[in-house]
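Enquirer: Let me give you the structure first, and then I'll get to my questions.
The values are calculated or read from the model by the stated rules, or taken from the named source; none is laboratory data. For clarity, every value in this text was computed on a predicted model and none was experimentally measured. Cβ atoms come from the backbone with ideal geometry, glycine included; neighbour counts cover every protein chain shown.
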Amino acid sequence: MKKISKEKREMIIRRTLYFGLPLIIMAIIYAILHVYPFGKLSLLTYDMGEQYVDFFAFYKDTLLHHPSQLLYSFTNGIGGETLGLWAYYLLSPFNLILLFFPKSMLPVGIMIMTLIKYGCAGLALGYCLEKMHWTDQKWIPAATVCYALMGWILANEFNIMWLDVLVLLPFILYGIEKIFDEDRSFYYTIFLALTLFINFYMGYMVCIFVVLYFIWTAVRKWQNWKTFGKRAARFSISSLLAAGSVAFLLLPTYFDITKSKGVYTQQTIQSVIEYQPWKMLSKFMIGTINDNQIQNGFPNLFVGALIIGGFILYFLAKKIPWREKITAGLVCVFMFFAMCWQPLDLVWHAFQYPVYYPYRFSYLVSTWMILLALRGFAKVGKPKIYQLAITFIIPVICWIVIFINRKKFNFLTVPNAIATLIFWIVIFGIMTWMLMGWNKQIKKLNLQMLASGLMLVLIAAECGMNGYQTIKNIPGASEVSYTNFVANLDRDIAWINNQDNGHTFYRIGKTFQRSENDSLNAGYRGLSGFTSTQNAAVTSFMNSMGQPNYLGKENYTEGTLLTDSVMGAKYFLAPTDQFDNLVKNNNWVTPATSYRPDISFYGPVKQINGVTIYQNPLALSVGFAATKDVLSSKNNFPSSDFTADNQSYLLNTIAGTHRQYFDKVGYYTKMTNCTLDGGANGNLITTDPNQPSTYEIQLKNVGAEPYYIQLTTGIVWNSSITINGNSMPGMGNGSQPTLFNVSANTPGQDVTIDINPNNGKTIDLNDLEVYKFNLSAFEKTIYSVMNNQWKLTHNGRLQLRGDIDIPHDKDVMMTTIPFNKGWSAKVDGQKVKPREAFGTFLAIPMTPGRHHVTLSFWPPLLTLGIIVTLITWAILVLCWRYEKKK
């Protein structure tokens, strides 16, 4: 067996350290914080719990069972293209780790994957620093810890798809160095392409940064203008080739985004400073994260005391030319303003305000500081006293400013501030020892090696403390809240799937949920969805129907018998005792999100583990005959104030009728510690803010029909609401008032609805109405629509086929499939251009009579993207051969 050389053995030890130290530090933190399997908590908090874990379940299902879901899935909201979903969330190679974990164990798989990403980030930087000969070896281990555990990654570890960028970024920068040192660009092209492929959003930010890095490198390695021109051309062409090599993904994703996230792009930009810039200094301290900071805070800039010292020394080092320092300074100024001046901030975020997690590009600022710090250590030589003094005093002055104003920072604690100062003083002392080169021998003990080891321990302790204090401040989630819910829901869905043959297209609704993406997790056609690539037209439609919604999110929690039927909700899941379920605490199996007594009109067909499955006999198929009045490229519902009018308009326009489905009813009121200013729909004003107040609505001797109360977002957000004494779940996101079901199938009973203002807030009761559902009128209309439905003969994931009879008074086959230009239609074998219905759905004009209709899906621009990618790959092969010969 060949003996490993000492040099190679040392290299293996170093790189194991680069990988292992960040991983071990974070594993210890997870254990201390009782993250499963070390305790009962999980990493499923914020978007990790509300989105990503469901995406990972979808990822497993796609790769192992249904590969067509790479392009489209009806489990994505009410149906949607998924290439954008994959491009934004699911293309990390680390995700393959999750294939080895059953769905119930995904929280453990996610934790392991997160730890591995921490380790790989440290390894990537250490490897590339060695290859670039960037600095002395003694600084690299500590730098890898600072890089892998920077404040940005800790604050964003729950956005797990972003973390890959820290693994890829060092290789991209190394590739730029190769352009200058070896006149080779293939390395750079490949790693930039990988970054764009794995997460185009982070890749976009990297593309901005590499331009800055290239300019700085060109100045640092300046020869002449001719050489610069050649390298700039090589860099530009290589960047375009990187994008072209993944055009098969980027082009259809771009199209998808224009119909989803891109709709919310800022049309006007204000030249404003977003906060007092000096406040960002607070983010260099330990433990400066809390819930408010995640929602709308300052840039996450923690990099550790060592990096701050080296960063200052860079600008004091005499061996570094002034032109390089000036260029680096200009880059710093650009990044500084990007972190506080709105126009530049928006540029980094592709001209969209981030929803939570502000200044998402700050990892590039931290990386930039680390690189300059290490170059400073390499070039400063043996520092002068004044250089050390300046390096020490500047952070201390900044610390004093922040500490004096600490009450302005609700995330900063005195112990963490003091710990920051102590670490700075001690690390500065050891840094000085290492820079001065004091190297005495004490009993064969090399003090320089001792200092390097001690520095690494201190950096690990500092970054570890910051990691602990950061993650401790982020609300955790119970592991069983996922596993118990998923296990129970999977049983319900499996039973339903066994009842219907494969030709039936139906959707499933629920009065409980773990997240809006339950349908993606359990693999059923649902009615809610939450992704950054969610179809904006669907969100707008759901808003018009009174469903809670927000950017990229629609939550079908407050449906009515009318919307259930039109949207094809054939099955509904609810706790066996809905009313009792409202008061249960820590209920991980059926956490209530709505109260729908009206589904009692559907027949209960099965009970499984406390859940009743109802079957809706009036649910429409995915397609049905409709009047041509449904055709519109805009959401043209008549009212932004009265949701019942919009729902009536929806069904009447489909059927060509003019019926009233919601009848306003009177009610009695009783006020306790409050008065009404402006009549029944005026402002509810609390008399004594220190005492509870209640606005009570009484419905006497109700009929058997469903009753709904219309409440605005302002009422829902600013008060607690009870029905007959039990708290009513509900979310008010959205501009449209919501219809809350308060009674059904309880003839002769009284219903009491209490609105209790929070903390004495004034409540605007504008648009508050109570309705009785006109069941007989609704049944007449819905039965007429059911007579002419699309009867599927093939229910595929990318193609639907079936027959429909269009009566003489109808002109259109309308579907509840979201409109997308990727859908093509054939009627009786002839191509027909699909149209939009209600600015949301796919519709096909056709003549009266019996027709065979085929719908097929292929993502827009995918074919063009594939062609561009193949051409680019051919060019890259030629470039690789050329560089190899060279």
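Enquirer: I12: touching a residue at least 40 places away in the same chain (Cβ under 8 Å) and in the same structural domain as C463 (by TED's automatic domain parsing), yes or no?
Expert: Values: touching a residue at least 40 places away in the same chain (Cβ under 8 Å): no; in the same structural domain as C463 (by TED's automatic domain parsing): yes.
Here the answer is no, as I12 does not meet what is asked.
Enquirer: Tell me yes or no: at least one residue of the stretch 168-186 is free of Cβ contacts under 8 Å to residues at least 40 places away in the same chain and outside any helix (DSSP H, G or I).
Expert: yes
Enquirer: Considering the stretch 637-661 alone, what residues qualify as being over 21 Å from G734 (Cα atoms) and surrounded by 12 or more Cβ atoms within 10 Å (Cβ to Cβ)?
Expert: Here is the first cut: in the stretch 637-661, the ones over 21 Å from G734 (Cα atoms) are 651-661.
Correct list: L651, N652, T653, I654, A655, G656, T657, R659, Q660, Y661.
Enquirer: Can you tell me which residue among V414, V401 is touching a residue at least 40 places away in the same chain (Cβ under 8 Å) and on the phi < 0 side of the Ramachandran plot? Reasoning before the result, please.
Expert: Details: V414 fails: touching a residue at least 40 places away in the same chain (Cβ under 8 Å).
Within the list V414, V401, the selection yields V401.
Enquirer: Tell me, please, whether a residue that is aliphatic (A, V, I, L, M), buried (at least 18 other Cβ atoms within 10 Å of the Cβ) and within 21 Å of I257 (Cα to Cα) can be found in the stretch 72-83.
Expert: First, pick out the residues of the stretch 72-83 that are aliphatic (A, V, I, L, M): 78, 83.
The next check asks that each one be buried (at least 18 other Cβ atoms within 10 Å of the Cβ); those that pass are 78, 83.
Those left that are additionally within 21 Å of I257 (Cα to Cα): 78, 83.
Yes: one or more hits.
Enquirer: Residues of the stretch 290-313 being more than 17 Å from D345 (Cα to Cα) and either surrounded by 24 or more Cβ atoms within 10 Å (Cβ to Cβ) or more than 30 Å from the chain's Cα centre (by Cα) (or both), which ones? Spell out how you get there, then give the answer.
Expert: Filtering the stretch 290-313 for residues more than 17 Å from D345 (Cα to Cα) gives 290-292, 302-313.
Hits for the stretch 290-313 are F302, V303, G304, A305, L306, I307, I308, G309, G310, F311, I312, L313.
Enquirer: Let me ask you something else. Which helices (runs of 4 or more DSSP H) sit wholly inside the stretch 322-380 and have at least 2 residues that are among the small types (G, A, S), under 26 Å from Q293 (Cα atoms) and modelled with pLDDT of 95 or more? Steps first, please.
Expert: Values: elements: 322-338, 342-348, 362-379.
The helices (runs of 4 or more DSSP H) meeting that bar are 362-379.
Enquirer: Also, quick follow-up: What are the residues in the stretch 634-685 that are within 22 Å of T752 (Cβ to Cβ) and of a type in the set (F, W, Y), if any?
Expert: F662, Y667, Y668
Enquirer: Checking G39 against (1) in a helix (DSSP H, G or I); (2) without any contact (Cβ under 8 Å) to a residue 12 or more places away in the chain; (3) among the small types (G, A, S): exactly one of these is not met. Which one?
Expert: Every condition holds for G39 apart from (1).
Enquirer: List the strands (runs of 3 or more DSSP E) inside the stretch 806-857, counting only whole elements, that have at least 2 residues being out of contact with any helix residue (DSSP H, G or I) (no Cβ under 9 Å at 6 or more places or on another chain) and not aliphatic (A, V, I, L, M). Can you show your working first?
Expert: Working: elements: 812-818, 823-827, 830-832, 835-837, 841-845, 849-857.
Strands (runs of 3 or more DSSP E) meeting the threshold: 823-827, 830-832, 849-857.
Enquirer: In addition: Given (1) out of contact with any Gly (no Cβ under 9 Å at 6 or more places or on another chain); (2) more than 26 Å from G464 (Cβ to Cβ); (3) polar (S, T, N, Q), where does Q352 come up short, assuming only one miss?
Expert: The failed condition is (1).
Enquirer: Let me ask something else about it. Could you tell me whether the stretch 479-500 includes any residue that is surrounded by fewer than 17 Cβ atoms within 10 Å (Cβ to Cβ), assigned by TED's automatic domain parsing to the domain that holds Y118, in a loop (DSSP other than H, G, I, E, B) and over 33 Å from the mean Cα position of the chain (by Cα)?
Expert: no
Enquirer: Among the residues of the stretch 525-554, how many are crowded, with 23+ Cβ neighbours inside 10 Å and assigned to a loop (DSSP other than H, G, I, E, B)?
Expert: 11
Enquirer: Which pairs turn up if I take residues in the stretch 867-886 that are assigned to a helix (DSSP H, G or I) and look for partners that are at pLDDT below 90 with beta carbon separation below 8 Å, at least 6 apart in sequence or on another chain?
Expert: none
Enquirer: Just checking: which of the strands (runs of 3 or more DSSP E) contained wholly in the stretch 668-785 hold 1 or more residues that are touching an Asp or Glu at 6+ places or on another chain (Cβ under 6 Å) and surrounded by 14 or more Cβ atoms within 10 Å (Cβ to Cβ)? Give the derivation first.
Expert: Values: elements: 668-672, 674-677, 683-686, 694-699, 707-711, 719-723, 738-743, 751-757, 769-773.
Result: 683-686, 694-699, 707-711, 719-723, 738-743, 751-757, 769-773.
Enquirer: May I pose another question? Given the conditions (1) part of a helix (DSSP H, G or I); (2) farther than 30 Å from W225 by Cβ, which single one is not true for E157?
Expert: Of (1) part of a helix (DSSP H, G or I); (2) farther than 30 Å from W225 by Cβ, only one is false for E157: (1).
Enquirer: Further question: Which count do you get for residues in the stretch 832-883 that are exposed (fewer than 14 other Cβ atoms within 10 Å of the Cβ), of a type in the set (G, A, S) and farther than 24 Å from N788 by Cα?
Expert: 1
Enquirer: Any idea which of (1) outside the structural domain of G725 (by TED's automatic domain parsing); (2) in contact (Cβ under 8 Å) with a residue 24 or more places away in the chain; (3) more than 30 Å from V480 (Cα to Cα) is the one P638 doesn't satisfy?
Expert: Failing condition for P638: (2).
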